[in-house]
1. Output wanted: per-residue J couplings in Hz (rounded whole) for segment 153-165, from phi through Karplus 6.51 cos²θ - 1.76 cosθ + 1.60, θ = phi - 60°, x for Gly and Pro.
2. Going by a ≥ b ≥ c, the root eigenvalues of the Cα gyration tensor, does segment 5-272 fall in the rounded group (a/c under 1.5), the prolate group (a/b larger than b/c) or the oblate group?
3. Please list, in order along segment 194-210, the HN-Hα scalar couplings obtained from phi with the Karplus expression 6.51 cos²θ - 1.76 cosθ + 1.60 (θ = phi - 60°), rounded to whole Hz, x for Gly and Pro.
4. From the phi of every residue in segment 46-63, what ³J(HN,Hα) in whole Hz does the Karplus formula 6.51 cos²θ - 1.76 cosθ + 1.60 yield, where θ is phi - 60° and glycine or proline is x?
Amino acid sequence: MAAAAGSAGHGHAAEAGPPVTPDAPVLFHLGPLPVTNSMVYTWLIALVIFLVVRLGTRRMQEVPTGVQNLVETAVESLEELTRGLLEPKVARWAFPLVATFFLFIVISNLMGLLPGVGSIGWGQPGPGPFGVDHVEKPLLRPPTADANMTVAMAAVFFIMSTWWAIRYNGPVGLIKHIFGVKGGMRGWIVIPLSLIFLFIGLIEVISICIRPVALAMRLYGNIYGGESVLTIMLTHSPLGIGALPFYFLELLVAVVQALVFTLLSIAFIGTLCSHVEDEGHGGGAEH
């Protein structure tokens, strides 16, 4: 999502290459570590989150007002959402992670629409405003428009959800949860059903492995796609007017994609950390 109130009059973008590069450009190096524009903006977003939370918790009041009210409302709403979809014990484990996901993603997406994001940076000489035809290396890029960030978040989700599944079910209980015969069947019928549920379990394992990929690519694709559309409309319509409808659409997408990522994370955790009828669970299940 490039915000780019300041890029409305860029003129014509260069013919070669996409309007927004799929990879985040490297701005400088810290020793051997390359620092991209999405990393720089991640630091700024983290600073904004820290300052907002610090202001909201500096002088706690029994009746919250101002920033404290905003922070408490966000935290309580996310906690209620998590507790409404997961068992209380699992909700306690998962809440810090899913709340962090939502707040970071929604703030990243919204801050990606600020003027100058994606339009201020280093460009090529040309007929556009200020003698620049288009920006080749934007100074700032929304972290969620960088696949490295979305893949990293999905990897954290995968590791933690797997750990919670083992902790909830126990190692043996998790295997039974995935491959075991469901429905409380008894007797000889369990033998042929075991083969069926073994096949279903293999499909479930593939599904579990695909989930982080789906989370990462869905978020990255939507935000990167929105950024590309806004950039195209800003550079190919008079005064960037053609981008206005898409800009307001991206405001909605910013919140919806954060909610989708969070809800799917909770749902995926719930499928691994829940009892199935009278199915036995290995020694890790607590009530």
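Rule-based calculations on the coordinates, nothing more; no lab input. Quantities reported herein were computed from a predicted structural model and do not represent experimental measurements.
1. Result, ordered by residue: 5, 5, 5, 4, 4, 4, 5, 5, 5, 5, 5, 5, 5 Hz.
2. Numbers: a/c = 2.61, a/b = 1.71, b/c = 1.52.
Verdict is prolate for segment 5-272.
3. 4, 5, 5, 6, 5, 5, 4, x, 4, 5, 5, 4, 4, 4, 4, 6, 7
4. Coupling constants for segment 46-63: 4, 5, 4, 4, 4, 5, 5, 5, 5, 5, x, 10, 5, 10, 5, 10, 5, 9 Hz.
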